[in-house]
Amino acid sequence: MASVNAAVQWNHVTFSVNGKTILQDINGTFLEGKITTLVGPSGAGKSTLFKLCNGLASADSGDILVAGKEIDSYAPVELRRMVGFAMQDATMVDGTVYENLAMPLTLQGKELTEDKANELLKLVGLPATISDQSTKDLSGGQRQKLSIARTLVNRPSILLLDEITSSLDRVSQQDVEALIVRINKQYGTTIVWITHNLQQARTIGDYTWVMINGQLVEAGESFLLDQPENDEVRLFVKGDNS
Ligand SMILES: Nc1ncnc2c1ncn2[C@@H]1O[C@H](COP(=O)(O)OP(=O)(O)O)[C@@H](O)[C@H]1O
Ligand SMILES: [Mg+2]
């Protein structure tokens, strides 16, 4: 049984592609309203875990419960509305900031009001005047903020962030970090954040998961990164030079 405060509960989740195990017996919880940071070497299976969480891929075995309900019991549209997903490359279509922001609703045949658009832009720290500009003219930091704003259009209760600050300069990175913490506090949004920046994982996270080679090798409050119990995790943390 999932406890009441599990936004996502993983029970013995296994996933493989062409006979190769990508995720092996994942057990754990992303707690509701908390920030969980997810770290591990490249190829560990972090992004794949997100795909399963968002319904872009299905587990071979085990259960994933989202808000206490079996993930397969949600209609794909419903799941994607509930679980927002932002990625490093912040893909935009050619067009204006407004058109990109409205995209999740446009795809559902709905409209985004100007007031709502301005509210979202304000929330992520972009000026309303940017609305009519082409996304081609945005800086990396502005694109990432727009990408987050676009994810918020559906008011997701869970937000999955995959390396969203990796290509940003330090100031933009800190800006986006503050924004995510603000969203978490203001709306109680459950945040799961994949990052290769261990400093970020440690300071932003309430909880941290460390994945290595398809397995969840250590999980707990984020200070675990200061003194990991697991030998592999200790080596991973020591090798960090970010
Ligand atoms: N569609 C796919 N087909 C084949 N292999 C894949 C596919 N997606 C991911 N993988 C493999 O799964 C492993 C985990 O990848 P990924 O989840 O992207 O790791 P991470 O995000 O931790 O870097 C890697 O070995 C990768 O090559
Ligand atoms: Mg990845």
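The values are calculated or read from the model by the stated rules, or taken from the named source; none is laboratory data. Bear in mind that the values here come from a model prediction, so they are computed numbers and not experimental data. The protein model used for the area step is the full one, side chains on, heavy atoms only, and it has no ligands, DNA or RNA in it. Shrake-Rupley method; radii C 1.70, N 1.55, O 1.52, S 1.80 Å.
Summary of values
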{"item": "For A57, distant residues with modelled amide H under 5 Å away", "result": "L52"}
{"item": "Phi to ³J(HN,Hα) by Karplus 6.51 cos²θ - 1.76 cosθ + 1.60 over the range 71-77, Hz, x for Gly, Pro", "result": "4, 5, 7, 8, 5, x, 4"}
{"item": "Taking all pairs of distinct alpha-carbon atoms in the range 1-98, Kirkwood radius in angstrom", "result": "14.7 Å"}
{"item": "Lysine-lysine proximity count for the chain, Cα under 21 Å, sequence distance 8 or more or distinct chains", "result": "16"}
{"item": "Residue order for F223, F85 - accessible surface, 1.4 angstrom probe, largest first", "result": "F223, F85"}
{"item": "Principal axes of the range 6-239: Cα extent on each, largest first, Å", "result": "51, 40, 33"}
{"item": "Protein accessible area in the chain, 1.4 Å probe - carbon and sulfur %", "result": "48 percent"}
{"item": "Of all DSSP beta bridges in the chain, antiparallel share, percent nearest 5", "result": "55 percent"}
{"item": "Calculated [θ] (222 nm, deg cm²/dmol) that DSSP helices of n ≥ 4 give over the chain, each run adding -39,500 (n - 2.57)", "result": "-10000 deg cm²/dmol"}
{"item": "P(r) of the range 113-224 over all Cα-Cα pairs, binned every 10 Å from zero, in whole percent", "result": "13, 43, 31, 11, 3"}
